[in-house]
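Student: Would you mind keeping the following structure in view while I ask a few things?
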Amino acid sequence: MPAFTAKQLSGWLYEKKVASISEMTNLSKQNRMLLEQDYEVGLMAPIDSQRSKDGTIKYLFPVCCNDNVSGRFVETVFIPDHDRATLCVSCQVGCKMNCLFCQTGKQGWQGNLTAADILNQILALPEREQLTNIVFMGQGEPMDNLDAVLRACEVLTADWGLAWSPRRITVSSVGVHGKLKRFLEASECHVAISMHSPLHEQRQRLMPAEKGMSLQETIELLRHYDFSHQRRCSFEYICFGGLNDSPTYGREIVRLLAGLECRVNLIRFHEIPDVDLPGSDEKRMEALRDYLTAHGIFTTIRASRGQDIFAACGLLSTARQQEALAAGASGVSEEQNNEIPEITKE
């Protein structure tokens, strides 16, 4: 086909957002027939949804572009908030990181999404025209599926794609050796690091990924990049009552982040089954926020959204849907479910 066909295709896919090749009427009938022999647009509507009392909507999307996980599902969360509308997308079915406080990790890891399956959560969203921001904070570790995440971000930000500013996209990570550095150099999107404890030993008990790339190493890497202008670096911090929400932890956070242009988002802990971790109360979270702010770190307490439909931070899981598949499809072993490390109060 002529080289300009590529521009025509991208226009139909990302500007006009057609659902089928037959709708691409400025391509010749012969070329449309050729394309239809091997390709399809691939838009797959969500098969289920739940609406929270606060307006948050959780969608269940089928996975269909990766044969290894075809027939499984991922959850995606639409969060309207006045003049903003944020979509929390997933990049994996389950997750390898197995963070103690996260329901997705209890599901186990079953496979990566392709860039197409990531983009489908956006392009097939009923509210797609309302979106102002996208966060890669759903199921999975983005740096563990970096090729697909970067490809999806390219489509979202390229002139031939959706032409979004990269400042409308935030990609989260626990910190993965090599992958985080590559992301920082290949993308201009915001980055959010899951901290949850400034202490090495405690963070390792909460987040096994600390063994592979420590928080200290992650912060040292971030110091090589400029976050003083529009690109933003943030740290996500779930507050556990009496575990990581005292002034002692505030002082350590200030010490670790000294000189790094960043912000901290404090998050309420949402209980998950079989995990004995206490949630922090409002007073202690406000005291920690005020301490960090007084020491020069812009800090907010993130509003909890969609908790009543299990759409809030750390609650996403499609394990129940997988139970309807063949025996063992959930990928969660008894050993993994019982692996609950001891976390002691200070």
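Coordinate-derived values only; no laboratory data. Because the structure is a prediction, the values reported are computed rather than measured. Heads up, the Cβs are rebuilt from the backbone with ideal geometry, glycines too, and the neighbour counts pull from every protein chain shown.
Student: Under 16 Å Cα-Cα from residue 96, which lysines qualify once same-chain neighbours fewer than 8 residues away are excluded?
Tutor: Result set, ordered by chain and number: 106, 179, 211.
Student: Could you compute the FRET efficiency for residue 281 and residue 251, with r as their C-beta to C-beta distance and R0 at 25 Å, rounded to 0.05?
Tutor: Values: r = 20 Å, r/R0 = 0.81.
Working from the Cβ atoms, E equals 0.80.
Student: I've got another one for you. Which residue, 219, 230, 191, has the largest displacement toward the positive end of the dipole of the chain when charges sit on each Cβ (Lys, Arg +1; Asp, Glu -1)?
Tutor: So the residue furthest toward the plus end is 230.
Student: About the Cα centre, and with charges only on the beta carbon of Lys, Arg (+1) and Asp, Glu (-1), how big is the dipole of the chain? Nearest 20 debye, please.
Tutor: Values: 36 positive and 44 negative charges, 148 e Å.
That gives a dipole near 720 debye.
Student: Report the Cα centroid-to-centroid distance between region 119-176 and region 213-271 in angstrom, as an integer.
Tutor: 23 Å
Student: So which lysines pass the test for residue 17, namely a Cα distance under 30 Å, with those fewer than 8 places away in the same chain ruled out?
Tutor: Output for residue 17: 7, 29, 58.
Student: Let me ask something additional. Going 7 Å from the Cα of residue 22 in the Cα-to-Cβ direction, what parts of region 106-148 have a backbone nitrogen less than 13 Å from that spot?
Tutor: none
Student: Do you know the relative contact order of region 61-337, to the nearest whole percent, from alpha carbon pairs under 8 angstrom that are 6+ apart?
Tutor: About 18 percent, as a whole number.
Student: Can you give the extra length, in nm with one decimal, that the chain gains between residue 6 and residue 185 once fully stretched, where that is 0.36 nm per residue apart less the Cα-Cα distance? Each step should come with its number before you reach the end.
Tutor: Numbers: separation 179, 0.36 × 179 = 64.44 nm, distance 2.70 nm.
Difference between extended and current length: 61.7 nm.
Student: Putting +1 on Lys and Arg Cβ atoms and -1 on Asp and Glu Cβ atoms, find which of 240, 275, 304 reaches farthest to the positive end of the dipole of the chain.
Tutor: Looking along the dipole axis, the top candidate is 304.
Student: Could you point to the label whose value was computed as Rg and Dmax of the Cα atoms in Å for the structure here, given (i) 19.2, 60; (ii) 20.9, 71; (iii) 27.6, 103?
Tutor: Structure-derived value, by its label: (ii).
Student: Right, next: Going by C-beta contacts inside 10 Å, put 237, 14 in order with the fewest on the left.
Tutor: On the way: 237 26, 14 18.
Lowest count first: 14, 237.
Student: Expected output is a single nm value to one decimal: the length gained when fully extending between residue 225 and residue 200, i.e. 0.36 nm times separation in residues minus the C-alpha distance. What is it? Display every interim value, and only then the final one.
Tutor: Details: separation 25, 0.36 × 25 = 9.00 nm, distance 2.32 nm.
Answer, rounded to one decimal: 6.7 nm.
Student: Next question, about the same structure. May I ask you to sort 61, 298 by Cβ crowding, counting other Cβ atoms within 10 Å and putting the fewest first?
Tutor: Details: 61 25, 298 13.
Going from least to most buried by this count: 298, 61.
Student: Run lengths n ≥ 4 of DSSP H only: what is the helix-derived mean residue ellipticity at 222 nm for the chain, with -39500 (n - 2.57) per run over all residues, to the nearest 500? Working shown, then result.
Tutor: On the way: 12 runs with 97 residues, N = 346.
After summing the helix terms and dividing by the residues of the chain, the value is -7500 deg cm²/dmol.
Student: Please name whichever of 258, 112, 47 sits farthest to the positive end of the charge dipole of the chain, dipole taken about the Cα centre and charges placed at Cβ: Lys and Arg +1, Asp and Glu -1.
Tutor: 258
Student: OK, next. Give me 157, 104, 132, 56 sorted ascending by neighbouring Cβ count inside 10 Å, so fewest comes first.
Tutor: Working: 157 19, 104 28, 132 13, 56 23.
Ordered by Cβ neighbours within 10 Å, fewest first: 132, 157, 56, 104.
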